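Student: I am attaching a structure below and will ask some questions about it afterwards.
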Amino acid sequence: MRYVLVFTVMIMITACSSTPSMKTVDRVDLERFMGKWYVIGNIPTFIEEEAYNAVEIYRLDEDGTIDTTFIFQKGGFDGPKKTYNPRGFIRNRKTNAHWGMQFIWPFKAEYLIVYLNEDYTHTVIGRSNMDYLWIMARTPAIPDEDYRIILDRISSLGYDISKIRKVPQKWDR
């Protein structure tokens, strides 16, 4: 719990700066966006630095908020399972691409959907401060060419792609 509190305070300090907002995708169909996303790569927060098999699961609740479950193994594929349950709040109902992610009340960290392919199989979540980033897919791996295209898109947003860590994914078939 202490780590979540420190993480939240750290996010809130950076979220309160006057950095201009990053451009998001034009529109997100929330129903299509919901479900399981594998974290393919990220600029990790400190709780994710040793994440393996990281998965983010979204469910749209009746009140319009997003029930979120973030699960990973810490330190290796056989490491202890870690689970976090932040809640997403849609800040821009016109696009549905700008959320606030709440780990601890009342603080909401910026969550921007900055890339989403047409078939809703690849997405990138960013932040205006460019301090964290998540590349996610509906499958535990994506073709190298798709990954390169996503990295090019991320670079064009101004991110330092050398900071991106590929998240190890290994699932029993």
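The values are calculated or read from the model by the stated rules, or taken from the named source; none is laboratory data. These figures come from a predicted structure and were not determined experimentally. Neighbour counts are summed over all protein chains in view; Cβ atoms, including those assigned to glycine, are modelled from backbone coordinates with ideal geometry.
Student: Of the residues LYS94, LYS81, only one is under 24 Å from ILE142 (Cα atoms), basic (Lys, Arg) and either exposed (fewer than 14 other Cβ atoms within 10 Å of the Cβ) or in contact with a helix residue (DSSP H, G or I) (Cβ under 9 Å, 6 or more places away or on another chain) (or both); which? Give the steps one after another, and end with the answer.
Tutor: Values: LYS94 fails: under 24 Å from ILE142 (Cα atoms).
LYS81 is the lone residue from the list that is under 24 Å from ILE142 (Cα atoms), basic (Lys, Arg) and either exposed (fewer than 14 other Cβ atoms within 10 Å of the Cβ) or in contact with a helix residue (DSSP H, G or I) (Cβ under 9 Å, 6 or more places away or on another chain) (or both).
Student: For the structure I just gave you, tell me whether ASP119 is out of contact with any helix residue (DSSP H, G or I) (no Cβ under 7 Å at 6 or more places or on another chain), part of a loop (DSSP other than H, G, I, E, B), free of Cβ contacts under 8 Å to residues at least 40 places away in the same chain and over 16 Å from PHE33 (Cα atoms).
Tutor: Judged against the criteria, ASP119 is not a match.
Student: Sticking with this structure for a sec: So, in segment 53-83, how many residues would count as being outside any strand (DSSP E or B) and in contact with a strand residue (DSSP E or B) (Cβ under 8 Å, 6 or more places away or on another chain)?
Tutor: The number of residues fulfilling the criteria is 8.
Student: Then there's this: Based on what the data block shows, is ILE150 surrounded by 14 or more Cβ atoms within 10 Å (Cβ to Cβ), out of contact with any helix residue (DSSP H, G or I) (no Cβ under 6 Å at 6 or more places or on another chain) and part of a loop (DSSP other than H, G, I, E, B)?
Tutor: Taking the combined requirement at face value, the residue does not satisfy it.
Student: Could you check how many residues of segment 153-169 are part of a loop (DSSP other than H, G, I, E, B) and either touching a Pro at 6+ places or on another chain (Cβ under 7 Å) or surrounded by fewer than 11 Cβ atoms within 10 Å (Cβ to Cβ) (or both)?
Tutor: The total comes to 2.
Student: Continuing with the same structure: Can you name every residue in segment 121-139 that is crowded, with 16+ Cβ neighbours inside 10 Å and either within 20 Å of LYS94 (Cα to Cα) or not hydrophobic (A, V, I, L, M, F, W, C) (or both)?
Tutor: Correct list: HIS122, THR123, VAL124, ILE125, GLY126, ARG127, SER128, ASP131, TYR132.
Student: Separate question: Taking the conditions exactly as written (touching a Lys or Arg at 6+ places or on another chain (Cβ under 9 Å), more than 18 Å from GLU110 (Cα to Cα) and of a type in the set (D, E, K, R)), does LYS82 satisfy them or not?
Tutor: Answer is yes for this residue.
Student: State all residues of segment 123-159 that are among the acidic types (Asp, Glu) and touching a residue at least 40 places away in the same chain (Cβ under 8 Å); if no residue qualifies, say none.
Tutor: Listed by number, the list holds a single entry, ASP131.
Student: What is the number of the single condition among (1) assigned to a strand (DSSP E or B); (2) hydrophobic (A, V, I, L, M, F, W, C); (3) over 14 Å from the mean Cα position of the chain (by Cα) that ILE40 does not meet?
Tutor: ILE40 satisfies all of (1) assigned to a strand (DSSP E or B); (2) hydrophobic (A, V, I, L, M, F, W, C); (3) over 14 Å from the mean Cα position of the chain (by Cα) except (3).
Student: Please enumerate the residues belonging to segment 133-147 that are more than 21 Å from PHE72 (Cβ to Cβ) and not in a helix (DSSP H, G or I).
Tutor: As a first pass, look at segment 133-147 and keep what is more than 21 Å from PHE72 (Cβ to Cβ): 143-146.
Of everything in segment 133-147, just one residue is more than 21 Å from PHE72 (Cβ to Cβ) and not in a helix (DSSP H, G or I), namely PRO143.
Student: Across segment 47-68, what is the number of residues that are under 16 Å from ILE113 (Cα atoms), in contact (Cβ under 8 Å) with a residue 60 or more places away in the chain and aromatic (Phe, Trp, Tyr)?
Tutor: 0
Student: While we're here: In the set ARG173, ARG93, which member is basic (Lys, Arg), modelled with pLDDT under 95, over 23 Å from LYS23 (Cβ atoms) and part of a loop (DSSP other than H, G, I, E, B)?
Tutor: So the residue among ARG173, ARG93 that is basic (Lys, Arg), modelled with pLDDT under 95, over 23 Å from LYS23 (Cβ atoms) and part of a loop (DSSP other than H, G, I, E, B) is ARG173.
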